[in-house]
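This is the structure I want to talk about, given as structure tokens.
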Amino acid sequence: MTFLRLSPLVSKLRFGSAWLLAGFCCFCGSAGLAEETPKVLPLTSAPPKALRAEKKALVALPNYDEVTATRLQIFLDNNDFGPGKIDGEMGEFFRKALLAYKRAHLMPLHGTVDRWLLDQVPETFTNYTIPPEAENFVGPTASKPSEQAKLKALKYGSLLEFVAERFHSAEDYLRKLNRPMNLDALKPSDTVKVPNVVPFKIEDLHEGFVAPNPAFANRIVYVDTKERFLLIYENNQLVAEFPITPGSTKLPAPIGVWKITGIAVLPVFRHDEGILNYGIKSDNAFILPAGPNNPVGILWMALSKPHVGIHGTNQPETIGRAASHGCIRTANWDAVRVKELVTVGNIVSIF
């Protein structure tokens with residue numbers, strides 16, 4: 001894999017206890033990744049027949065009670081079948097993820113609660129005491145790119161946002177779980193009741209490029225723009241699935257077969273209205289610093305289609321619902337796992 005030499009814009013920014021690399025960005029914010037001439041690969045990686053066939057089978061699932069739904073959401077999330085944000089509700093992505101997991105593991109497609117799945121989550125909730133260092137990841141925010149560009153890092157706007165993303169949860173669900181506590185006034189040493197999911201630890205992230213992983217060289221990524229899921233296959237076996245937002249009506253995700261050309265953690269974002277609105281680079285742009293509230297979140301995965309990538313988001317509640325500018329957007333907690341399941345050179349089939 002070849003990277004472009006970093007531009008004179010490269011500098012180091014302080015974010016909490018970690019140093020972030022500020023490279024220059026492509027569409028939706030790459031971080032110094034190589035731009036290649038678009039090359040559509042032979043369509044040898046069309047979605048497996050199993051993937052196409054499974055959409056014909058409609059399975060009715062019951063409305064589980066809140067605790068059961070939360071336990072199932074946690075199970076799916078912990079096993080890389082993303083149900084969307086954890087909220088204790090039987091939402092669209094939860095239902096799709098549950099059925100996808102059952103199909104992938106050859107389980108009966110019935111609507112009853114599977115005891116074995118629930119047994120993997122013996123404790124639905126746990127208590128999290130906010131440590132003093134959490135404040136390193138919270139700071140001033142801004143809505144306008146011109147104002148964001150002046151900040152040293154795009155951190156969380158509150159400790160509630162920090163906790164919600166850490167435990168893959170909807171903020172309103174945390175408020176419900178912790179009544180009558182005022183979560184908008186959280187401070188270090190406060191203890192919060194949270195879903196017992198494997199936490200997203202932003203403090204473990206370090207800026208830079210992810211090294212190729214030969215063990216995943218045969219994996220294929222499928223982006224289903226209609227069902228709004230990113231699926232990872234190995235030898236025609238579904239190994240992971242995550243909800244996404246795939247482009248928009250104006251700038252849809254590019255249908256075709258591409259390759260992953262580079263993966264950057266904690267990227268900066270080049271906000272260019274020309275690219276965002278028309279797909280054409282302009283001379284007017286703002287360089288936005290790294291952080292969880294960067295428009296591309298904590299990850300940029302560049303594709304061989306220029307200006308298009310798979311990335312995180314600063315608005316996880318919009319996944320699957322709001323449109324993106326031609327890219328494939330995931331929640332930060334899913335983006336950090338996707339990078340551990342794929343590698344540079346993998347085929348990405350968008351359909």
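The values are calculated or read from the model by the stated rules, or taken from the named source; none is laboratory data. As the structure is a prediction and not an experimental result, all values here were calculated from the model. Backbone-built Cβ (ideal geometry, glycine too); neighbour counts: all protein chains shown. We work out accessible area using only protein heavy atoms, side chains counted, and drop any ligands, DNA or RNA first. Shrake-Rupley method; radii C 1.70, N 1.55, O 1.52, S 1.80 Å.
With 10 Å bins from zero, work out the P(r) of segment 151-202 over every alpha carbon pair and list the percent per bin.
The distribution over segment 151-202 is 24, 56, 17, 2, given as percents.
Show the residues, 5+ positions off or on another chain, whose built amide H is closer than 5 Å to the amide H of Ser349.
Counting only residues 5 or more places away or on other chains, the set is Val221, Tyr222, Val223, Trp258.
Continuing with this model, one more query. Taking Cα atoms of segment 199-271, Rg/Rh with Kirkwood Rh, to two decimals?
Radius of gyration relative to Kirkwood radius: 0.98.
Taking 31 Å as the cut-off for C-alpha to C-alpha distance, list the pairs among Lys96/Lys144; Lys144/Lys187; Lys96/Lys259; Lys176/Lys250 that go past it.
Lys96/Lys144; Lys176/Lys250
Mind jotting down the three principal axis lengths of segment 140-181 based on Cα atoms? Whole angstrom, largest first.
Taking the Cα atoms of segment 140-181, the three principal extents are 37, 17, 12 Å.
If amide H atoms are built 1.01 Å from N in the plane of the peptide, which residues on other chains or at least 5 residues away come under 5 Å of the amide H of Ser169?
It is Ile86, by chain and number.
Could you sort the peptides 91-101, 138-148, 77-87 by per-residue average Cβ neighbour count (10 Å cutoff), highest mean leading?
Packing proxy ranking, top to bottom: 77-87, 91-101, 138-148.
Here's something else I'd like to know. Classify segment 115-222 as rounded, prolate or oblate, taking a ≥ b ≥ c as the square roots of the eigenvalues of its Cα gyration tensor: rounded when a/c is under 1.5, otherwise prolate if a/b is larger than b/c and oblate if not.
oblate
Show me, for segment 216-228, the HN-Hα J-couplings you get by feeding each phi into the Karplus relation (A = 6.51, B = -1.76, C = 1.60, θ = phi - 60°), rounded to Hz, glycine and proline as x.
The phi angles translate into 9, 4, 8, 7, 10, 9, 10, 10, 8, 6, 8, 7, 6 Hz.
List the trypsin sites (Lys or Arg not before Pro) within segment 284-351 that DSSP assigns to loop and that have no more than 12 neighbouring Cβ atoms inside 10 Å.
Loop-located and lightly packed - Arg321.
Pull up all non-local amide H partners of Phe81: gap of 5 or more, or a different chain, and H-to-H distance under 5 Å with H placed in the peptide plane.
Glu241
Follow-up. Please go through segment 136-221 and write out the trypsin sites (Lys or Arg not before Pro) that DSSP classes as loop and that have at most 14 other C-beta atoms within 10 Å.
Of the trypsin sites (Lys or Arg not before Pro), the ones in loops of segment 136-221 whose Cβ has at most 14 other Cβ atoms within 10 Å are Lys150, Lys152, Lys201.
For segment 143-249, report the accessible area per residue in Å² (1.4 Å probe, heavy atoms, rounded to an integer).
47
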